[in-house]
Structures are given as structure tokens and as C-alpha cells.
Amino acid sequence: MLIEFLLLYPFVLSFLWTMHGIVYLLRSRFLRQSDENGNSFSYSIVVPFHDEPEGALRTAWSLVHVSPPPQEVLLVDDGSARGMPKDTALPPHVRVIRLAERGGKASALNAALQEVDSDLVVCLDADTTAVTQDWHAHLAKFNDPSIGAITGKIWPLPPKGLVQRLQHLDYVLVIGLIKAAESTWGALLTVSGAFVTFRRSALLSVGGWNETTATEDIDLSWRLQSRGWRIGYESDWLCRVEMVPTLRGLWRQRRRWSMGLGRTMRDHLVAAYGPSARQLPVATVSLLNTLWIASTLLVLGSIVASSLLELSGTGVDLSALARDNLTYVQISLLVFGSQFACAMVIDGRPWKSYLVLLVLTPFYPIYFWCVLFTSFLAGFPVGLMRRDGGTWKRTLRKREV
């Protein structure tokens, strides 16, 4: 039964994502929100940064033509050794706030929250540039008073090299599809901290960002939903983000994400099953994912032990594990091929742009086991057992490497 669970669970999860991805497509195409008058909401934009003033400035310039215009754009320097030069030409309505000491991204965001009085707060990272310029429809979604936050879709910048292409595949095949599927459940595992809009009153109701965790976006998502706020995903609200350029940097990033998930489940899992909580589906899937990983380790350990015993003549026959391999491969191609097709439609770019990703798809299992699985094993238990801290080394970008 354990092996059956191990083999079947990825199929069930992929089928679940694909079917709810189709529901998301049908909703977005045929049930578009009729009231797109979001002009009644004032909003401010916050861009925290540390030692990358050029990136923060590039982000600010990408917002110049956004309509309707923001009340202001705050570039929050989190105690950088190399801050924004005083003679820098800033775009209109842009203000720089320099913090004396480095407190981490969450600390910088909380400092900005004290400075704004708008209805909504939009957060972008300093490596993010806005693609969508008409934000009327996006702002109008907050006409629903239960909405506490809406996260946008991340389009990776044109990838250079295998590591960035694999992340591109990650965002198209997995991350974008999962967020679309989760939004049909009325809950998200997490917003994308690089591109998200919060209702300011929702932020204040939960005390803002948690400054003791390195994944403030996951933590805040669960706290908001535990208080009854809904968070959603909007695939038509687009930004561009540069992917991590090195394998070491990618592994460290995914380990940090796993630490944050472990910390969040430790702190907020019980609240996720409360009477007013919204994230019951994603909390349950997170638990099942953890159980699947534990089962994988158990089965792999059993296989290794059996192999050693079989060499000594006392082990079990492992030929049963290879039975019906061809059928399993065929089902895998059908299920994950459907997932890829649905993800491409949701992503919405010309089909030619997916040709390279399609070639890389057979190698995705190697990428999963070598990078994603190992980084989870290294990070998740740490998050469960101790505090992960509110600061971390920012990811080096291609030009810096």
C-alpha cells in the first residue's frame, strides 16, 4: 500500500492541478468581472532593497506608466552599505526611505507600512519589473471585501543557460498552474512576495509582516487566511523577474523556501483547520506532500536494505518493483503531458516559446530529485525545529556573477 501511494500520489496531484487549472481558465474567460471600476481604491507601491539600488531604480521606472497612477512609490533601503546615490534622478512620485540598520525584507516592509495611508499596498522586489500597465481590472478585484491580497503572475526574463531554463520550466509547468488551481479552491499556499497587492486593513489586522522568518510571504499568507481573509491569483497581472543564475544559488533559494514552509506549518497548521480559516485545502495538500516525501524515503531505504540482503542471499525479490513499467511510463506521459498543455494555455504565450521547455521536460525528474527534493530535505526539518531568522543573503544576479 505504501508503494501504491508513492506511485499514484503524483498522478492524483497532477490530475487535481490540471482539472482545477481548466476551471480557472473557464472562469477567467467566461466569467470575467463586470465591474472594473477600481479607481476608488488608492494604492502605494513599496520596493524593499539591500545593496542593489540599480535594481530598485529599474523597478521604479517600470511603474512610470501604470494606470491609474499610485499615490506614491517607496524605495526602502534596508541598511545598505551601498545606498541610492543622492544625485540619482528619481521617477515621479518616488521617495527613498533609508533605514539605519539592516533588519531584513519584512522589517523594511513594516517600516514602509507605517509610512503609507492608502487603501492598498503593492509590493515588488528589486529584481522585478512590471509588465502589465493597466491596473484598473486588478484593483477592481478588491471590490470584494473578503479579498485580503492578490498575487500576480511571474514571467521569467529570457533565460540564459540550463539553470535558468529549468526554473523557467518550473514557473510555467508547476508554479503558475498550481496558483491557478489553488485560486479555484479559494486559498493559496503563498502569494509571490515579488509581486503582490495587499489590502492595508488586512495587513494591519494581522500585525504586518513577521520579521523573524526569512520567508515572510508564506507566513503572511497563512496568517491572513487563518483570520478569514481570501487571497487570490491573477494570471493577467504580469511582471518579469530574473531567475537565479547558478545551481548553488538555486539550491539555497529552494532550501530557504522549504525552511519557510516548515516554519509556517509548525506555527500555523493548527490555525489552518480553525472555523474561520480559508487555507484548509492547501494545508491538507502540504501535509500529504510531506507524507509522500516521508514515504519516498522509507521505500528508498527499504530498497537499499533489500538490495544489500539480496546480495547476501537473504533478501526479497525486487523484480516486482519493475512490473508494468511500460504502463506506468505511458500513464506518466499522458498525465503530465496534459498538465503541461494546461499550464501553457494558462501562461498564455505563443506556442513557439515553449519548444525549448518541451525538450527539457524529460529531464525535469532529474532536476526534481537532485535540486528540489534534496533542498526540501535540507530545509524543511530546519524550519520545523527552529526559527529561521529574518535576514538572508540576497541572490546574486547574472551580471554580478
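Below are the figures for this structure:
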item	result
Close pairs (7 angstrom Cβ cut-off, 6 or more residues apart or separate chains): within 15 Å of L113 (Cβ to Cβ) and assigned to a loop (DSSP other than H, G, I, E, B) in the stretch 71-85, at pLDDT 90 or above and open to solvent by 20 Å² or more (accessible area, probe 1.4 Å) anywhere	Q71/S42; E72/H93; E72/R95
Filtered residues of the stretch 262-281 (kept if buried (at least 20 other Cβ atoms within 10 Å of the Cβ) and more than 17 Å from R230 (Cβ to Cβ))	G262, R263, T264, M265
Some residue of the stretch 160-174 being open to solvent by less than 20 Å² (accessible area, probe 1.4 Å) and at positive phi	no
Matching residues, the stretch 56-65, being surrounded by fewer than 20 Cβ atoms within 10 Å (Cβ to Cβ) and in contact (Cβ under 8 Å) with a residue 60 or more places away in the chain	R58, S62, H65
Any pair with Cβ under 7 angstrom, 6 or more apart, that starts in the stretch 167-194 at a residue that is under 27 Å from L333 (Cα atoms) and ends at one that is part of a loop (DSSP other than H, G, I, E, B) and hydrophobic (A, V, I, L, M, F, W, C)	Q167/M243; Q167/V244; H168/M243; K179/L188; E182/L188; E182/L189
Members of the stretch 211-239 found to be more than 19 Å from R254 (Cα to Cα) and polar (S, T, N, Q), listed by number	Q225, S226, S235
Residues located in the stretch 66-109, provided they are among the small types (G, A, S), open to solvent by 30 Å² or more (accessible area, probe 1.4 Å) and more than 26 Å from H136 (Cβ to Cβ)	A81, A89, A100
Members of the stretch 26-39 that are loosely packed, with under 15 Cβ neighbours inside 10 Å and at pLDDT 80 or above	L26, R27
The stretch 50-66, residues that are modelled with pLDDT of 95 or more and of a type outside the set (A, V, I, L, M)	R58, T59, W61, S62, H65
Residue match in the stretch 132-145 (condition: crowded, with 20+ Cβ neighbours inside 10 Å and among the polar types (S, T, N, Q))	no
Pair list, Cβ < 7 Å and 6+ apart or interchain, from the stretch 329-348 residues that are over 19 Å from E234 (Cα atoms) to residues that are open to solvent by 70 Å² or more (accessible area, probe 1.4 Å) and of a type outside the set (A, V, I, L, M)	V335/F15
Residue match in the stretch 318-329 (condition: modelled with pLDDT under 85, closer than 30 Å to I22 by Cβ and touching a helix residue (DSSP H, G or I) at 6+ places or on another chain (Cβ under 9 Å))	yes
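Quick grid of which residues meet (1) in contact with a Gly (Cβ under 7 Å, 6 or more places away or on another chain); (2) polar (S, T, N, Q); (3) more than 30 Å from V285 (Cα to Cα):
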{"residue": "S14", "(1), (2), (3)": "no, yes, no"}
{"residue": "V23", "(1), (2), (3)": "no, no, no"}
{"residue": "V47", "(1), (2), (3)": "no, no, yes"}
{"residue": "R82", "(1), (2), (3)": "no, no, yes"}
{"residue": "A89", "(1), (2), (3)": "no, no, yes"}
{"residue": "G104", "(1), (2), (3)": "yes, no, no"}
{"residue": "L124", "(1), (2), (3)": "no, no, no"}
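The values are calculated or read from the model by the stated rules, or taken from the named source; none is laboratory data. The structure presented is a predicted model; accordingly, all values stated were derived computationally and were not measured. Quick reminder, even Gly has a Cβ in these numbers, built from the backbone with ideal geometry, and neighbours come from all protein chains shown. Protein only, heavy atoms only, side chains kept; ligands, DNA and RNA dropped before computing areas. Shrake-Rupley method; radii C 1.70, N 1.55, O 1.52, S 1.80 Å.
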